[in-house]
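In what follows, a single structure is set out as structure tokens and then discussed.
The values are calculated or read from the model by the stated rules, or taken from the named source; none is laboratory data. Fair warning: this is a prediction, and the values are worked out from it, not measured in the lab. So basically every Cβ, Gly included, is an ideal-geometry build from the backbone, and we count neighbours across all protein chains shown. Keep in mind that these areas ignore ligands, DNA and RNA; they rest on the heavy atoms of the full protein, side chains included. Shrake-Rupley method; radii C 1.70, N 1.55, O 1.52, S 1.80 Å.
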Amino acid sequence: MVYRILIVDDEKDVVSLLKDYFELNQYETITAYSGQEALQKISMKPDLILLDVSMPDLDGMTVCKKIRDYVACPILFLTAKIEDSDKIRGFAAGGDDYILKPFSIDELGARVAAHIRREYRDHIEANVRFFGNLVIDYSAKKVSSENAAIPFVKKEYEIIELLSMNTGQIFDKERIYEKIWGYDAQGDASVVAEHIRRIRLKLKDYGEEYHLETVWGMGYKWTK
């Protein structure tokens, strides 16, 4: 089995070094150069994350807190300095280990392998995407913002799932109706507009309504 590692660091030389090393050792690698980019790459289901602590846009601690309730894989912090207080904060955020820069690449490889072996003794697969503060867990069929669950009914969730899994793609009412209700359903596409209205109202309560965009004369699309 080929394991997948997400490497997150704003230093391109570090990312390049780690990418080359792990690919030579038969891992698949995903790279991200910022915390925000890392959130977008989580949907690619890494088996382990190497996460730099100090990044300018969104630091590693914050990224870890955002994803930890939805991602089961090990998270290893990369850091140039470490004090006991930093370790406490990191473990509290959900990190599994610390790698101190500059590091021995072979030692790092051994620790990554050990964490992956340990993880796959009790592996839990998740299918999660992050849209800013909004999190969609497709495995659990739940939508949440800042860890607060948003109470969507079945058809509302299915519309969100359809649009969000095809981010940026426009769906007209008729196509949404066919996809969610089915070709043989009794009713018509006008019911879609009412469901969209209710979804947007619920999202608005959490400041997340901008994800569901109306494209006038064409339909609806999901935006990041």
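Could you say which residue among LYS204, LYS221, LYS173 is among the basic types (Lys, Arg) and over 25 Å from the mean Cα position of the chain (by Cα)? Walk me through it before giving the result.
On the way: LYS204 fails: over 25 Å from the mean Cα position of the chain (by Cα); LYS221 fails: over 25 Å from the mean Cα position of the chain (by Cα).
Just one listed residue meets the conditions, LYS173.
Among the residues of segment 127-150, are any under 29 Å from GLU213 (Cβ atoms) and more than 17 Å from the chain's Cα centre (by Cα)? Spell out how you get there, then give the answer.
From segment 127-150, those under 29 Å from GLU213 (Cβ atoms) are 127-150; that's our starting set.
Pick out the ones that are also more than 17 Å from the chain's Cα centre (by Cα) and you get 150.
Within segment 127-150, one or more residues are under 29 Å from GLU213 (Cβ atoms) and more than 17 Å from the chain's Cα centre (by Cα).
Scanning segment 79-101 turns up no residue that is aliphatic (A, V, I, L, M), at pLDDT 90 or above and surrounded by fewer than 16 Cβ atoms within 10 Å (Cβ to Cβ). Strands (runs of 3 or more DSSP E) fully within segment 1-100 that include at least 3 residues being in contact (Cβ under 8 Å) with a residue 40 or more places away in the chain and on the phi < 0 side of the Ramachandran plot: 4-8, 48-52.
Do we find that ALA149 is modelled with pLDDT of 90 or more, within 24 Å of LEU18 (Cα to Cα) and small (Gly, Ala, Ser) in this structure? No: the conditions fail for ALA149.
Yes or no, residue by residue, for (1) closer than 24 Å to SER144 by Cα; (2) buried (at least 22 other Cβ atoms within 10 Å of the Cβ); (3) among the charged types (D, E, K, R):
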position	(1), (2), (3)
ILE5	no, yes, no
ASP9	no, yes, yes
PHE22	no, yes, no
GLU107	no, no, yes
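Screening LEU17 with (1) crowded, with 20+ Cβ neighbours inside 10 Å; (2) in contact with a helix residue (DSSP H, G or I) (Cβ under 9 Å, 6 or more places away or on another chain) gives one miss only, at (1).
Taken over segment 44-57, the criterion of being open to solvent by 10 Å² or more (accessible area, probe 1.4 Å), under 17 Å from the mean Cα position of the chain (by Cα) and at pLDDT 90 or above is satisfied by MET44, LYS45, PRO46, ASP47.
Can you tell me which residue in segment 30-41 is surrounded by the most Cβ atoms within 10 Å (Cβ to Cβ), limited to those that are out of contact with any Lys or Arg (no Cβ under 7 Å at 6 or more places or on another chain) and not hydroxyl-bearing (Ser, Thr, Tyr)? Looking at residues that are out of contact with any Lys or Arg (no Cβ under 7 Å at 6 or more places or on another chain) and not hydroxyl-bearing (Ser, Thr, Tyr), I get ALA38.
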